[in-house]
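Notes follow once the structure below has been shown.
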Amino acid sequence: MTTTPDVTTTPAKARHPLKTTPRARQRLPRRRNWAGGLAGWIWLVIVAVPLYWTLITSLKAQSRYYASNPLVPSADPTLDNYRLVIESDFVRYFVNSLVVTAGAVVPAVVFSFMAAYAIVRGRRIRGLRAINGLFLMGLAIPLQATVIPVYLIIIRLHLYDSLLALILPSIAFAVPLSVLVLANFVRDVPKELFDSMRVDGASEWTTLWRLAAPLTRPAILTVTIFNALTIWNGFLLPLILTQSPDRRTLPLALWTFQGQYGVNVPAVLAAVVLTTLPLLVLYAFGRRQLLSGLTAGFSR
Amino acid sequence: MTNLTRPSPRRERRSILPWLAAPALVVFVAFAVVPLVGVFVLSFTTWDGIGAIHPSGLDSWRAVLTDPGLPRALWVTFLVMAVSWAVQTPLSVLLGTFMAGRQRYRAVLGVVYFIPLMLSSAAIAIAYKALLDPNFGLGAGLKIPLLSQDWLGRPGLAFGVVVFVVSWQFIPFHSLIYQGGVQQIPKSLYEAAQLDGAGRIRQFFGITLPQLKYTIITSSTLMVVGSLTFFDLIYVLTEGGPGDATRVLALDMYKRGFQASLMGPASAIAVILVLVGLALALLLRRLGGRDAGASQLEGA
């Protein structure tokens with residue numbers, strides 16, 4: 001912190017650079033972040049090459065794949081690989097992923113929002129403080145370490161190999177971070193607004209949905225996006241809690257497809273592209289929203 | 001008058017607020033807190049995952065603690081954590097600083113940079129597995145011997161690949177956090193430093209880095225605690241191999257429990273995983289004095 005500006009000394013020191021204004025003005029724009037720029041371009045190559053290779057290879061015929069230059073797109077691209085993937089029941093896996101994601105994210109966000117509201121508004125209630133502490137503890141513990149008892153509970157509930165088996169633990173795993181982020185935003189709602197709602201005779205339930213929810217909509221969207229990405233891409237829970245092929249979600253289906261067609265590299269990569277496509281479409285349309293959603297809990 | 005009217009709405013609030021927290025609490029207790037207690041209990045039993053569960057005292061713990069696989073898995077977990085932190089942090093700071101700039105082409109680069117954030121660990125691992133294949137991968141296709149090594153077949157190389165792919169997947173996330181951090185640094189600090197004649201590098205070490213202190217702690221917490229849960233990526237990429245070169249704790253737990261049907265010892269490993277996570281979160285909180293990050297953030 002040695003270079004922290006001291007306001008009182010700046011005028012005296014400023015006189016010196018002012019004399020050399022033309023040179024200084026020339027120098028300023030040229031003072032590029034060259035290390036950052038270099039890293040930026042190198043990183044672009046590192047990120048783009050595997051993505052580009054995956055995409056162009058997925059469009060090559062398997063027979064041509066081994067002979068062709070891997071970085072040159074095929075002269076006659078084919079969609080045969082994609083056909084093979086879709087014929088391997090990927091529509092069903094897509095629907096499964098959709099059901100699990102929607103079925104877990106909606107309750108997770110609604111429950112977490114209600115809990116966040118209660119925790120902020122009921123700060124003085126000891127029980128709610130304890131509940132908040134419990135959720136915070138959930139942040140510090142790698143919840144994947146609990147999968148063995150989760151598996152046991154799911155078996156005992158006769159839910160093994162069902163989509164509900166994936167939904168219930170996904171909600172639980174989403175709660176701690178969602179409550180933390182949402183509570184941060186509910187806390188920012190001016191106290192006067194709550195007071196005026198109370199003067200108007202509104203119940204907590206009404207205040208929750210009519211006042212707090214609209215005012216924290218960006219945070220709700222953020223938490224929804226974050227949880228949806230996490231659950232859509234989840235692998236461990238489907239791996240241990242389902243068994244039949246028709247209960248697979250996309251990441252698990254991708255993995256078994258790779259096990260089956262491992263040698264057919266273009267087909268495997270077509271499956272990779274296809275399972276990623278829905279998220280890339282979302283990314284294309286709502287990139288800003290998605291990215292701010294990913295970091296909202298941490299950059300505050 | 002106000003003193004007289006106040007208690008009644010508060011009493012009313014007391015009655016409803018805890019109920020708002022109830023749904024989140026019930027799911028969280030059922031599928032996170034009970035399993036957390038359950039994993040301790042199961043570590044004192046014998047269970048093959050299908051049949052009856054028998055109490056067996058300290059047998060599982062004795063088996064796990066005398067198994068040379070445990071110190072090995074702890075060491076690999078620590079190495080993955082430390083090396084991927086050391087690789088990701090400087091690059092993320094550099095890229096975050098670069099992305100916080102205003103040139104338009106940076107925004108264009110940004111579109112590509114953040115694509116990996118959308119992809120599932122399974123998809124990334126499968127694409128890299130194909131790309132790194134010594135016979136059919138990118139290196140073999142380009143006929144560059146240096147690139148067509150048996151990347152996943154040799155212990156040292158496989159470890160390096162895991163760190164590289166982890167970085168490829170998560171650097172975008174952390175540079176996003178740093179980008180937000182850099183944008184919050186007051187411009188006046190830089191202007192003053194420039195008037196003081198501080199160069200680009202001195203500005204970086206004198207202003208940018210100290211101002212990013214809390215961002216560094218947040219990002220590091222997420223990296224370190226999150227690294228305990230790199231299950232899907234490593235499982236799909238190497239299955240912990242070759243040998244046990246990339247067999248981290250989470251993988252050790254899964255293989256003992258769900259592949260070798262030894263749920264007792266697997267639960268003991270899970271308990272160790274929970275303790276390591278808690279210890280790290282406490283340590284980092286002491287260092288940073290801020291909320292410990294979420295563990296299940298980086299893929300569940």
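Just a few scattered comments:
- Based on the Kirkwood approach, the hydrodynamic radius assigned to the range B:70-288 is 19.3 Å, with every pair of different Cα atoms included.
- Close amide-amide hydrogen proximity is noted between residue B:133 and B:138, each under 5 Å apart and 5 or more residues distant or on a separate chain (H modeled in the peptide plane; Pro and chain starts excluded).
- Backbone HN-Hα couplings from phi across the range B:20-35 [Karplus 6.51/-1.76/1.60, Hz, Gly and Pro as x]: 5, 7, 4, x, 4, 4, 4, 5, 5, 5, 5, 10, 9, 6, 4, x
- For the protein assembly as shown, the convex hull spanned by the alpha carbon atoms encloses 187 Å³ per residue.
- Among B:259, B:128, B:116 - extreme Cα towards positive end, dipole of chain B, charges at beta-carbon: B:116
- Inter-centroid distance (Cα atoms) of the range A:120-149 relative to the range B:213-242, Å: 22
- Shape category assigned to the range A:181-268 from the gyration tensor of Cα positions, a/c cut at 1.5: prolate
- Couplings 3J(HN,Hα) of the range A:56-73, computed from phi: 5, 5, 5, 9, 9, 6, 4, 4, 8, 4, 5, 8, 8, 5, x, 9, 9, x Hz, in residue order, whole Hz [Karplus 6.51 cos²θ - 1.76 cosθ + 1.60, θ = phi - 60°; x for Gly and Pro].
- Solvent-accessible surface of the range B:70-288, taken per residue with a 1.4 Å probe and all protein chains present: 37 Å².
- Across the accessible surface of the range A:80-295, with the other protein chains kept in place and a 1.4 Å probe, carbon and sulfur atoms take up 63 percent.
- Charges were assigned to the Cβ only: +1 to each Lys and Arg, -1 to each Asp and Glu. The resulting dipole of the protein assembly as shown about its Cα centre is roughly 2740 debye.
- Taking all Cα-Cα distances within the range B:145-225, those exceeding 14 Å account for 72%.
- Annotation: residue A:123 carries an accessible surface of approximately 140 Å², with a 1.4 Å probe and no ligand, DNA or RNA atoms counted.
- For the range B:112-241, the relative contact order comes to 33 percent (Cα pairs under 8 Å, sequence separation of at least 6).
- Table column - 3J(HN,Hα) (Hz), the range B:171-188, Karplus curve with 6.51, -1.76, 1.60, x for Gly and Pro: 4, x, 4, 6, 5, 5, 4, 5, 4, x, x, 5, 5, 8, 6, x, 4, 4
- Ratio Rg/Rh [Cα only; Rh per Kirkwood] for the range A:80-295: 1.05
- Accessible surface of the range B:70-288, 1.4 Å probe, proportion on carbon and sulfur as whole %: 66
- The amide H of residue B:45, built 1.01 Å from its N in the peptide plane, has B:56 as neighbours under 5 Å, considering only residues 5 or more places off or on other chains.
- The amide H of residue B:239, built 1.01 Å from its N in the peptide plane, has no neighbour under 5 Å, considering only residues 5 or more places off or on other chains.
The values are calculated or read from the model by the stated rules, or taken from the named source; none is laboratory data. Treat the numbers as computed from the prediction; the structure is a model and nothing was measured. Reconstructed Cβ throughout: ideal geometry from the backbone, glycine too, with neighbour counts over all protein chains shown. Areas reflect the complete protein model, heavy atoms only, side chains present, ligands, DNA and RNA absent. Shrake-Rupley method; radii C 1.70, N 1.55, O 1.52, S 1.80 Å.
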